[in-house]
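Notes follow the structure.
The values are calculated or read from the model by the stated rules, or taken from the named source; none is laboratory data. None of these values were measured; they are calculated from a predicted model. Cβ: placed from backbone, ideal geometry, glycine included. Neighbour counts: every protein chain shown. The accessibility values were calculated without ligands, DNA or RNA, using every heavy atom of the protein model including side chains. Shrake-Rupley method; radii C 1.70, N 1.55, O 1.52, S 1.80 Å.
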Amino acid sequence: MSFSCYPLFSAALFFEFFLLSFLALLPSSDCLVNVTRGRIPRELSVNFYAKSCPQVDQIVASVTSEQFREAPGCDASILISTRQGSKDLAERDALDNKELAVEAFESINKAKALVESKCPGVVSCADILAIAARDFVHLTGGPYYQVKKGRWDGKFSMASRVPSNIPHSNSTVNELLRLFSSKGLTLEDLVVLSGAHTIGFSHCKHFVDRLYNYKGTKQPDPAIDPRLLKALKMSCPQFGGNTDIVAPFDVTTPFSFDNAYYGNIESKLGLLASDQALSLDPRTKPLVQALAKDKQKFFLAFAAAMDKMGSIGVKKGPRHGEKRRDCSMHM
């Protein structure tokens with residue numbers, strides 16, 4: 001599932017970028033916790049930097065809020081650039097990540113530079129990414145939740161590991177459940193975290209088959225509202241269209257982090273087949289209905305699911321991780 005949007009929509013994109021990076025967590029390149037010799041490794045904690053960098057949330061917020069004003073609307077392995085001359089592409093250059101906007105990477109780099117000026121060598125890029133994502137969620141109207149910290153940055157970033165570790169636009173519910181389960185996430189986590197599509201945009205290529213040749217039938221997906229189908233066809237021809245054209249995941253309130261996504265897929269207004277499938281499958285449909293009726297329930301569940309996702313694959317210490325000073329380069 002690749003995500004993109006116009007430059008004006010970088011705030012919405014940034015969260016998609018964050019969600020993608022966490023779903024791509026791998027045993028060798030994921031979130032790591034601090035460790036000191038002879039001591040039991042510390043778990044992630046909201047107050048992890050209470051003494052070493054107590055203002056880290058405020059420092060990152062100063063950058064994210066500025067970025068949001070200028071352009072409104074875990075493991076940091078995805079931040080790594082491919083080394084010049086290397087035959088092995090980094091995650092950032094994987095085909096599924098090619099459409100991530102440069103503004104998202106620039107925001108993290110700005111925040112990292114500011115944090116380094118105040119607390120050199122202390123805060124990981126992975127923690128900054130998690131904090132910034134929370135800030136952008138809140139700036140677009142979503143919940144403000146506490147971010148646990150203490151991750152280290154992964155030492156590995158490989159494009160070849162991306163496709164099998166992220167959801168795709170045509171994934172079935174069974175495929176999504178298998179993927180989420182492999183990360184220790186539940187059916188409820190799947191439905192709740194999919195609600196991140198209350199903001200963000202996708203290129204035509206990720207849903208064009210639904211408009212013209214759904215599952216090889218040479219017919220549109222019957223689970224698309226005719227009005228939406230007509231509008232999408234105007235923007236996305238079957239062949240030869242503008243590859244830069246995008247459509248919002250949430251066609252009703254694309255710039256607001258709310259629970260409209262769930263009402264949309266109930267009304268056959270889901271953009272991706274993977275989104276629409278959640279309202280049709282009897283295992284996920286009841287939760288879709290419940291979240292569509294109660295925004296506060298969604299916000300509380302989303303905050304809890306983000307906390308859970310942010311703790312996936314925590315490793316022990318610097319043997320497997322690093323604290324990068326430049327988020328785009330390994331130490």
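Observations, loosely collected:
- His197 exposes around 10 Å² of accessible area when a 1.4 Å probe is run over every protein chain in place.
- Peptides 127-138, 237-248 ranked from most to least packed, by the mean per-residue count of other Cβ atoms within 10 Å: 127-138, 237-248.
- Arg178 accessible area, assembled protein chains, probe 1.4 Å, Å²: 150
- Most to least accessible of Lys149, Lys110, Lys215 (protein chains only, probe 1.4 Å): Lys215, Lys110, Lys149
- Leu185 - accessible surface, heavy atoms, 1.4 Å probe, Å² rounded to 10: 10
- Between the alpha-carbon centres of the range 180-231 and the range 255-278 there is a gap of 8 Å.
- Cα gyration tensor shape of the range 115-249, rounded if a/c is under 1.5, else prolate or oblate by comparing a/b with b/c: prolate
- The range 188-296, relative contact order in percent, only Cα pairs under 8 angstrom and at least six apart counted: 32
- Shape category assigned to the range 197-255 from the gyration tensor of Cα positions, a/c cut at 1.5: oblate
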